[in-house]
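The values are calculated or read from the model by the stated rules, or taken from the named source; none is laboratory data. All of these numbers come straight from a predicted model, not from anything done at the bench. All Cβ positions, even for glycine, are placed from backbone atoms using ideal geometry, and neighbour counts span all protein chains on display. Protein only, heavy atoms only, side chains kept; ligands, DNA and RNA dropped before computing areas. Shrake-Rupley method; radii C 1.70, N 1.55, O 1.52, S 1.80 Å.
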Amino acid sequence: MKLIGRNERGAGDPADRGTGAGDAIEADTEGWAISPDDTHTALPAQRTTARTAPRPEAFGPESLVHISAQQLVDAIGPYARATVDPGAETDPDATSFESALAAREQAALESRHRQAADSGDPNAASQLGALLLRRGDLADAEPYLRSAAAAGLRAAANNLGVLLHQQGHRAEAAQWWRQAAVAGSAPAAHALGLQLRDQGEEEAAEYWLHFAAEHGHPLGAYALGDLMEHRRDVRAERWFKAAADAGHREAAYRLARMREAAGDKETAETWYRTAAARSHARAALRLGVLLEERAQEEPALIEEAARWYRQSAQNGEARAACALGFLLRDTGDLTAAAEWWQEAAEAGDGTAANALGALHAGRGASAEAERWYRMALEAGDHNGAFNLGLLCAGAGREAQAEQWYRRAAYAGHREACNALAVILLQRGDESGAEPWFSKAAEAGSVDGAFNLGVLHAGRGEQQQAHEWYARAAAEGHGEAALQLAVAQEQRGHLNAALDRYRQAAAGGSAEGAFRLASVLDRRGDADAEAEHWYAVAADVGHRRAQVRMGVRAAERGALEIAESWYRRAAEGGSRSAAFNLGLLLARQDSEAEAMLWYTRAADAGHGRAALRLALLALRRGEPVQAESWCRRAAEYGPAEVAERAARLLGALNAELSA
């Protein structure tokens with residue numbers, strides 16, 4: 001806490017009545033104390049300044065003789081060379097001269113103050129005590145400050161309190177601060193208020209901090225706001241604003257946080273800007289976050305967000321370096337993103353270390369990914385353990401994966417709980433898996449809730465299963481909504497099923513989108529919506545949806561589009577798509593390629609494709625080949641195909657036996 005003031009005698013002191021040329025009347029001035037973003041552990045000295053009438057021996061503009069630097073050196077002799085940075089681009093002669101001149105001026109000032117103080121001048125004693133206190137010479141400063149304080153100078157009393165506080169004499173320090181505060185010293189009231197607060201005397205602390213704040217002391221206003229916010233007193237905002245208006249950057253930051261918590265992001269942004277402009281690292285980080293959020297609607301704000309993140313990172317905020325890395329990644333600059341992540345990770349940011357691990361894992365650099373995941377774990381981020389589990393599982397190291405999942409799960413990582421439960425369930429340990437699924441679900445894992453529903457459904461416990469499906473669906477889990485939709489459709493509750501199918505489709509379930517389209521298609525009153533959902537499912541690789549898109553395109557005569565959908569589905573393994581593609585190619589006189597797709601479909605168990613191949617074989621005069629395909633068609637079905645294949649097979653046998 002740095003308390004800065006000018007001397008003034010206590011109220012009612014007879015000496016205050018003098019206004020002669022030799023009298024010195026001084027008033028406290030503002031000073032800076034410790035704020036949450038300061039790192040001082042001791043109270044530095046208070047600075048005092050004197051406002052006195054000109055004296056013959058005083059240095060003033062009229063007493064200065066203008067001589068050259070060389071004349072001065074010649075007159076007073078050479079100075080010892082000051083130590084300089086060997087890498088700095090400075091003029092050593094100029095540096096040593098200026099340093100020596102400042103030292104001589106300081107020594108001369110101290111000498112004058114000491115001479116006057118030793119002659120009984122309390123103002124000089126106060127100023128000398130402050131000078132020595134600032135220099136750290138507490139033993140020499142104390143008697144001068146005591147002498148001036150005893151003479152009623154409140155700045156001296158204040159500074160004596162600072163000195164005693166530094167020496168660990170807190171009780172006596174409080175006495176002198178109280179004396180100075182009663183005499184009207186706002187810095188002393190602030191210091192006294194802080195000490196009382198630290199002693200748990202909040203009511204008395206509030207009184208003196210309020211006194212300091214009301215007298216325009218910004219640190220008093222900040223401390224008062226801090227005390228009130230701790231007690232959830234709505235008046236805290238007023239005092240934070242008073243301190244912020246006076247230039248206190250931490251107060252501006254705290255005020256911004258309060259406004260953001262109240263949902264007033266516009267005002268919060270204004271105060272974050274105020275604090276960030278004063279190099280407040282966390283304010284710059286939060287400002288960057290708000291701007292990045294707004295950039296979804298105003299893309300131009302991305303660059304400004306990046307600037308504030310960069311400023312915050314350069315002021316030592318690792319989270320800002322991490323955030324800047326993600327912003328750069330989203331804009332496609334992975335190289336720069338990795339550089340900022342590395343800076344943040346090396347400063348102890350686990351999120352950045354995990355991001356670097358994921359980046360290397362995506363490139364196949366498992367060893368490097370593991371190194372960063374371990375660093376994240378060492379930084380206290382249990383995502384590191386979970387990611388190590390994923391890395392080991394991907395490499396087939398199941399035992400190690402289980403160990404990492406277990407470590408993260410015991411630390412409360414919900415997705416690790418779910419992953420561990422899946423491993424146990426796959427091993428057949430259902431009783432071991434269930435509590436981990438429950439822990440994951442209770443912690444908010446939607447996958448855990450869904451899997452718990454699957455577990456209950458497998459036991460035939462449908463009510464419990466649906467409860468967990470509903471919980472997962474409420475959080476947007478598409479597959480959970482799908483299970484609920486299927487149950488509703490089976491019960492005949494078509495409207496409820498449609499709602500759930502829509503929820504499943506919106507949650508990313510391709511099967512949900514396909515079933516929604518199928519229900520709408522059967523109902524026949526929402527053809528456009530049905531095609532939309534068929535397309536949604538088809539685009540993400542749902543083969544039956546791709547076949548339906550092909551059929552619809554063929555019905556409209558859009559044969560090229562139909563062929564494209566059939567090929568995608570057939571190449572994905574759909575036997576129906578392979579058969580339909582064969583039919584389409586045959587109509588386009590591509591018989592040879594059609595045969596290939598018929599054969600693929602028949603080999604996959606498609607009865608109609610087998611029957612078509614039997615007929616084509618007969619056409620080519622290959623009865624033995626035709627008989628083979630007929631037998632397969634009869635085996636595959638469906639019933640009408642099996643019946644036709646049986647009739648054809650009978651005719652073939654009769655012909656072959658004849």
With a 1.4 Å probe and all protein chains left in place, how much accessible area per residue does the stretch 550-617 have, in Å²? 46
If we sort 444-451, 199-206, 222-229, 265-272 on the protection proxy, mean other Cβ atoms within 10 Å, highest first, what's the order? 222-229, 444-451, 265-272, 199-206
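Mind putting a number on the dipole of the stretch 419-483 about its Cα centre? Charges go on the C-beta only, +1 for Lys and Arg and -1 for Asp and Glu, and I need it in Debye to the nearest 20.
Once rounded to the nearest 20, the dipole reads 40 debye.
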In whole percent, the fraction of accessible protein surface over the stretch 441-518 that belongs to carbon or sulfur atoms, probe radius 1.4 Å, stands at 45
Counting heavy atoms of the protein chains only and a 1.4 Å probe, report the per residue accessible area for the stretch 328-392 as a whole number of Å². 46
The stretch 313-373, accessible surface, carbon-and-sulfur percent (1.4 angstrom probe): 46
Take each of the peptides 520-530, 427-437, average the number of other beta-carbon atoms within 10 Å over its residues, and list them starting from the highest. 427-437, 520-530
Given a 1.4 Å probe, how much area per residue of the stretch 231-280 is accessible, in Å²? 50
May I ask you to list the GluC sites (Glu not before Pro) in the stretch 290-322 that are in a DSSP loop and have at most 10 other Cβ atoms within 10 Å of their Cβ? GLU297
Kindly rank 145-153, 208-216, 639-647 from highest to lowest mean number of other beta carbons found within 10 Å of each residue. 145-153, 208-216, 639-647
Can you divide the C-alpha Rg of the stretch 325-481 by 2.2 N^0.38 Å and report the result to two decimal places? 1.16
